[in-house]
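Please read the structure below before turning to the comments.
The values are calculated or read from the model by the stated rules, or taken from the named source; none is laboratory data. Everything numeric here is computed off the predicted structure, so don't read it as measured data. All Cβ positions, glycine included, derive from the backbone under ideal geometry; neighbour counts span all protein chains shown. These accessible areas exclude ligands, DNA and RNA; they are computed on the full protein's heavy atoms, side chains included. Shrake-Rupley method; radii C 1.70, N 1.55, O 1.52, S 1.80 Å.
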Amino acid sequence: MKAFLILGLLLLPVLAQGKVYDRCELARTLKSLGMDGYRGIRLAHWMCLAQWESGYNTRAMNYNPGDQSTNYGIFQINSRYWCYDGKTPGAVNGCGIPCFALLYDNISRAAACAKKIVSEQGIRAWESWRYRCLNRDLTPYIRGCEL
């Protein structure tokens, strides 16, 4: 029993960090989830967005003190509008999911929610996409990934 407790304590920091995807691994995963071409958005745009939002980290979380919301996961999906975290005042939960589901290493639910956001607001909903990806050469995000 003691050994399991010690092992659990040693693994806790590793589990808390989440998965940071390799660039090509994420590109292949997003493609398999139907992101390439979704609503006309090419895979390189999703890759650029994920890079600037989370650094490809599934467990990225950022608190917004202004409206007391938090952005979750690889796409930094906001708790005020798209998921429920039990602490954001006036949360809408547009994707109908708990925010912790956006932190899983399996990003299928995060991708589904990102698609919903795009279907309602477009990819311009993400500020980082507008400032870091729009009108730029994004081919390096998928170059050499054998898609």
Being assigned to a loop (DSSP other than H, G, I, E, B) and within 15 Å of the chain's Cα centre (by Cα) is the filter; apply it to segment 83-124 and report the residue that is nearest to Gly34 (Cα to Cα).
-> Ile107
Residues in segment 63-82 that are in contact with a strand residue (DSSP E or B) (Cβ under 7 Å, 6 or more places away or on another chain), touching a residue at least 24 places away in the same chain (Cβ under 8 Å) and assigned to a loop (DSSP other than H, G, I, E, B): how many?
-> 2
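Given the residues Trp46, Trp52, which is the only one that is outside any loop (DSSP other than H, G, I, E, B), of a type in the set (Phe, Trp, Tyr) and crowded, with 18+ Cβ neighbours inside 10 Å? First the steps, then the outcome.
Values: Trp52 fails: crowded, with 18+ Cβ neighbours inside 10 Å.
Exactly one residue qualifies, and that residue is Trp46.
Among the candidates Tyr63, Tyr72, single out the residue that is farther than 16 Å from Leu26 by Cβ and open to solvent by 70 Å² or more (accessible area, probe 1.4 Å). Please lay out each step first, then the result.
On the way: Tyr72 fails: open to solvent by 70 Å² or more (accessible area, probe 1.4 Å).
Of the residues listed, the single one that is farther than 16 Å from Leu26 by Cβ and open to solvent by 70 Å² or more (accessible area, probe 1.4 Å) is Tyr63.
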Identify, please: which residue in segment 75-98 is surrounded by fewer than 23 Cβ atoms within 10 Å (Cβ to Cβ) and among the hydroxyl-bearing types (Ser, Thr, Tyr) and is, among those, farthest from Ala114 (Cα to Cα)?
-> Thr88
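If a residue must be assigned to a helix (DSSP H, G or I) and either touching a strand residue (DSSP E or B) at 6+ places or on another chain (Cβ under 9 Å) or surrounded by 12 or more Cβ atoms within 10 Å (Cβ to Cβ) (or both), how many such residues does segment 127-143 contain?
Residues of segment 127-143 that are assigned to a helix (DSSP H, G or I), as a first pass: 127-132, 139-141.
Still in the running and either touching a strand residue (DSSP E or B) at 6+ places or on another chain (Cβ under 9 Å) or surrounded by 12 or more Cβ atoms within 10 Å (Cβ to Cβ) (or both): 128-130, 132, 140-141.
Number satisfying all stated conditions: 6.
Among the candidates Ile41, Ile123, which residue alone is in contact (Cβ under 8 Å) with a residue 40 or more places away in the chain and touching a strand residue (DSSP E or B) at 6+ places or on another chain (Cβ under 6 Å)?
Details: Ile41 fails: touching a strand residue (DSSP E or B) at 6+ places or on another chain (Cβ under 6 Å).
Checking each option against the conditions leaves just Ile123.
Within segment 99-126, which residues are open to solvent by 40 Å² or more (accessible area, probe 1.4 Å), within 23 Å of Gly18 (Cα to Cα) and not hydroxyl-bearing (Ser, Thr, Tyr)? First the steps, then the outcome.
Here is the first cut: in segment 99-126, the ones open to solvent by 40 Å² or more (accessible area, probe 1.4 Å) are 100, 104-106, 108-109, 112, 115-116, 119-121, 124-125.
Add one more test, that the residue is within 23 Å of Gly18 (Cα to Cα), and what stays is 100, 104-106, 108-109, 112, 115.
Across segment 99-126, the qualifying residues are Phe100, Asp105, Asn106, Arg109, Ala112, Lys115.
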Ser128 vs. criteria free of Cβ contacts under 8 Å to residues at least 12 places away in the same chain and polar (S, T, N, Q) | no
